[in-house]
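The values are calculated or read from the model by the stated rules, or taken from the named source; none is laboratory data. Since the structure is predicted, the reported quantities are computational estimates derived from the model, not experimental observations. Here the Cβ positions follow ideal geometry from the backbone for every residue, glycine too, while neighbour counts run over all protein chains shown. For accessibility, only protein heavy atoms count, side chains too; no ligands or nucleic acids. Shrake-Rupley method; radii C 1.70, N 1.55, O 1.52, S 1.80 Å.
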Amino acid sequence: MRSIGYSLESALADLIDNSISAKAKRINIEFRPSDVPYIAIIDDGEGMSKDALESAMRHGSTNPLQMRHKDDMGRYGLGLKTSSLSQCRRMTVVSLRNGVLCAYCWDLDVVVERRSWIMLELDVDDIEDLPHVELLRAEGQGTMVLWQNLDRLTAGESSLDAALGQQMDHARSHLSLVFHRFITPEFGRSRVSLSINQNALAPIDPFLQNHKATQPLDEDNFNVEGSRIVVKPFILPHISKLSPDELNRAGGSDGFRNQQGFYIYRNRRLIIWGTWFRLARKDELSKLARVRVDIPNSLDHLWTLDIKKSAAHPPEAVRFNLRRTIERIRHVSGRTITFRGRSAERGDLVPGWHEVMDRNGVRFDINRGHPSIQEFSRHLAKADAATFDAVLAIIESSFPAEALYSRMASDVRSSFNGEEISGRLREMATALFADIDFMSPVRRTLLATLHLIEPFNQHPAVTKKIVEELEKND
């Protein structure tokens, strides 16, 4: 049972599920790596009576076929025990309800020693010796789950201090994502405060809904066995419109490409993400697409939800309906990637490159009609103009298309910062206008349309300042 496959973060998430089901509004995880190491999960939920706690400590305390309350986060009645014992050899649960404090403990060393499933009941003195009991009393009600003898965390590690610190950092990010809809209040729902060592967790929204460039698409919903499933697609902003922090929070170490797909929420709790369930392939055209799917706990039996609530497979009726959204969102995502950063329609834009389709596939040609190239060619002798055109042809033939595709797939950002980009644009503008007469209609036309010329169109604020400075000098 200890080897079901819980990680530290998934085990903590299981206990947070229990706290939310108990209507907790504040949940705090306390951990100490030194002296007598432990991890404690403390909530201000409804708490349990002595009989209720004794029942909750029983393995398989709930029939998974029973109809649950619509907000119940549980499933099998195993999470409290299996998640805890997957991380430690001694788990103690202390609960306070109606002013009565009670506690029970599973200690695997006692079980082994006595060769029997013996659960320990703690008396008042034993309870007072436990850490953070005073926090529970201060809340007036609630439950604390205490993990001691953290054998799984120490296995293969030279330093428990470093190992626990690293794993809790990872758990922080995991919990911020999995419970982001609880940490950020939704309409008609109260907020849940989640913290580690009294440091509040900030929500990680995988859809970047507060970003002005995120495109929410129309919501879809359908019924399966009388229960409603809600589907809401989002198209994320292109990487060029994201700050490093936004990019990290939206893609994490796996990047945009691997995080595309469906995000399945059971009672607003994220259980599966970053998969198309084999209904589509992960590729560049869909890398910005993420689809929020809300399912109720009444359909657990159809989704074959596992004990850890980290794996599930949609039934046929759901797969049929999910297919309807895939092509629509792939089209929008692909358009966002192809036309990123442009402030005008393609017909008005003066591109630096032309995409040319022929029988051999696609190639990219330099736009000979680009104002900078036309202005430079105007001052060349006939022989020099032919040489210049040959140089452009060499550049075109060596266009690094495969390397570019590889970099796009890995979400590598531009190495230029804002000041470097601004400086380069000013240098290009100065060179472009250097030999054009101040009274020339060409100069006036270029100044009026510079914001439509690549690469100036990708940086409208800087381009506007450059135009103002040039007009002022005129």
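What the table shows:
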item: Hey, residue 377 polar (S, T, N, Q) and at pLDDT below 80 or not; result: no
item: Where residue 230 falls short, out of the listed (1) more than 14 Å from the chain's Cα centre (by Cα); (2) under 19 Å from residue 44 (Cα atoms); result: (2)
item: Any hit, the stretch 183-202, residues being touching a Gly at 6+ places or on another chain (Cβ under 7 Å), within 29 Å of residue 264 (Cα to Cα) and either free of Cβ contacts under 8 Å to residues at least 12 places away in the same chain or open to solvent by less than 60 Å² (accessible area, probe 1.4 Å) (or both); result: no
item: Close pairs (8 angstrom Cβ cut-off, 6 or more residues apart or separate chains): closer than 21 Å to residue 159 by Cβ in the stretch 17-43, open to solvent by 10 Å² or more (accessible area, probe 1.4 Å) and of a type in the set (Asp, Glu) anywhere; result: 33/161; 34/161
item: Cross-chain or 6+ apart pairs with Cβ under 6 Å, the stretch 246-270 first and at pLDDT 75 or above, then aromatic (Phe, Trp, Tyr); result: 261/276; 263/273
item: Entirely in the stretch 90-167, the helices (runs of 4 or more DSSP H) that have 3 or more residues that are buried (at least 17 other Cβ atoms within 10 Å of the Cβ); result: 133-139
item: The stretch 271-285, subset free of Cβ contacts under 8 Å to residues at least 24 places away in the same chain and touching a strand residue (DSSP E or B) at 6+ places or on another chain (Cβ under 7 Å), residue nearest to residue 180 (Cα to Cα); result: 274
item: Residue that is surrounded by the most Cβ atoms within 10 Å (Cβ to Cβ) [pool: residues in the stretch 290-308 that are in contact with a helix residue (DSSP H, G or I) (Cβ under 7 Å, 6 or more places away or on another chain) and at pLDDT below 90]; result: 308
item: Qualifying positions in the stretch 386-415 - assigned to a helix (DSSP H, G or I), more than 16 Å from residue 354 (Cα to Cα) and either of a type in the set (Asp, Glu) or modelled with pLDDT of 85 or more (or both); result: 386, 387, 388, 390, 391, 402
item: Yes/no for residue 466 being touching a Ser or Thr at 6+ places or on another chain (Cβ under 9 Å) and β-branched (Val, Ile, Thr); result: yes
item: Members of the stretch 377-401 found to be without any contact (Cβ under 8 Å) to a residue 12 or more places away in the chain and among the hydrophobic types (A, V, I, L, M, F, W, C), listed by number; result: 380, 381, 383, 385, 386, 390, 391, 393, 394
item: Inter-residue pairs, beta-carbon under 7 Å, first under 12 Å from residue 350 (Cβ atoms) and in the stretch 436-465, second among the hydroxyl-bearing types (Ser, Thr, Tyr) and modelled with pLDDT under 85, 6+ apart; result: 451/343; 457/343
item: Residue identified as at positive phi and at pLDDT below 90 among 418, 361, 352, 423; result: 361
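Each row is one residue, and each column tells you yes or no for (1) in contact with a Cys (Cβ under 8 Å, 6 or more places away or on another chain); (2) modelled with pLDDT under 95; (3) farther than 25 Å from residue 242 by Cα.
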residue: 144; (1), (2), (3): no, no, yes
residue: 152; (1), (2), (3): yes, yes, yes
residue: 163; (1), (2), (3): no, yes, yes
residue: 178; (1), (2), (3): no, no, no
